[in-house]
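Student: Quick one: this structure, given as structure tokens, is what I'll be asking you about.
The values are calculated or read from the model by the stated rules, or taken from the named source; none is laboratory data. No experiment lies behind these values; they were computed from the predicted model shown. Note that we place each Cβ from the backbone using ideal geometry, even for glycine, and neighbour counts take in every protein chain shown.
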Amino acid sequence: MVEYSRQNKQAWEFDAYNFWRRKCKPEERAKADIKNPMGQLKKYAEYFDSYKGVKVANICGSCGKKAIPLALLGAEVTVFDISEDNKKYALEVADNANVNIRYQVCDILEINMNVYADYYDVVFMEGGVLHYFHDIMQFMKIMYSLLKHGGKMICSDFHPYTKIQDTLGLEQKTMSYFSTQVFEGEMAHTRFYEDELRKRIPLCSYRKYTVSEIINAVIRNGFTLEKFDEHPSWINPELPGEFTLIGRKQ
């Protein structure tokens, strides 16, 4: 595991299980997922062609908030994530929802390709993933390798515009749009802690990308780019907040 991955792992295993439980107990999260799994997928539902029997790799799937609704809809889901705390919470939710998901705790760049190469119909990620990886070309190479021929990647992430303006209210530093700087910053939910505890939470190591860096990494690793949608910020709908990119392994 590379050093920055170890750093990010420390951050994502600091009180994460307790954080998710405080936010929503596993049994309550399961009830909401069972009641309306399609609704829990929100805008991402439109990017899936089907669910029943579809093998999905959920990259940096965190607490299982999308993996479990996918499993309830009939998908065979494997979460790949760096945090044991996230795994513990996700499996408790899955147990309460009476579904099975696989959960592999690992560095995404070290996924075992002897097991998972050419295995998945869909690779899916959402909500701030790319900035945890300092080499987007290497990351996209792994995504391509995971997919069967004809499979697709659903890559949804924070819009690169957030490099220059915090349109999502995540309290992360801004910089030149074209900056290639690697920098340290708080992980996503650190802002919800009291100041004294907030200071103790390990920082993550980030590298943020431009639109062209993302698209070119997708194309150069063999994907056919089928779609690139931009989504408004959830705090100011006049500004970009997220994007969703669809790439196909031909």
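Student: Go through the range 97-112 and give me each residue that's surrounded by fewer than 16 Cβ atoms within 10 Å (Cβ to Cβ) and over 19 Å from the mean Cα position of the chain (by Cα).
Tutor: Hits for the range 97-112 are ASN98, ASN100.
Student: Now for a separate question. Which of the residues spanning the range 109-138 are part of a helix (DSSP H, G or I), hydrophobic (A, V, I, L, M, F, W, C) and touching a Leu at 6+ places or on another chain (Cβ under 7 Å)?
Tutor: ILE136, the sole residue that qualifies.
Student: When you check VAL79 against the structure, is it in contact (Cβ under 8 Å) with a residue 24 or more places away in the chain and part of a strand (DSSP E or B), yes or no?
Tutor: The answer is yes for VAL79.
Student: Within the range 221-250, which residues are closer than 12 Å to GLY150 by Cα and polar (S, T, N, Q)?
Tutor: THR224, GLN250
Student: Kindly provide the set of residues from the range 113-127 that are surrounded by fewer than 21 Cβ atoms within 10 Å (Cβ to Cβ), in contact with a helix residue (DSSP H, G or I) (Cβ under 9 Å, 6 or more places away or on another chain) and at pLDDT 95 or above, ordered by number.
Tutor: MET113, TYR116, ALA117, ASP118, TYR119 - these are the residues of the range 113-127 that are surrounded by fewer than 21 Cβ atoms within 10 Å (Cβ to Cβ), in contact with a helix residue (DSSP H, G or I) (Cβ under 9 Å, 6 or more places away or on another chain) and at pLDDT 95 or above.
Student: Tally time: how many residues in the range 145-169 are surrounded by 19 or more Cβ atoms within 10 Å (Cβ to Cβ) and more than 15 Å from the chain's Cα centre (by Cα)?
Tutor: Residues in the range 145-169 being surrounded by 19 or more Cβ atoms within 10 Å (Cβ to Cβ) and more than 15 Å from the chain's Cα centre (by Cα): 10 in total.
Student: Somewhere in the range 193-203, is a residue assigned to a loop (DSSP other than H, G, I, E, B), touching a strand residue (DSSP E or B) at 6+ places or on another chain (Cβ under 6 Å) and surrounded by fewer than 16 Cβ atoms within 10 Å (Cβ to Cβ)?
Tutor: yes
Student: Still on this model: Kindly check whether there is at least one residue in the range 161-183 that is under 30 Å from SER145 (Cβ atoms), in contact (Cβ under 8 Å) with a residue 60 or more places away in the chain and β-branched (Val, Ile, Thr).
Tutor: There is at least one residue in the range 161-183 that is under 30 Å from SER145 (Cβ atoms), in contact (Cβ under 8 Å) with a residue 60 or more places away in the chain and β-branched (Val, Ile, Thr).
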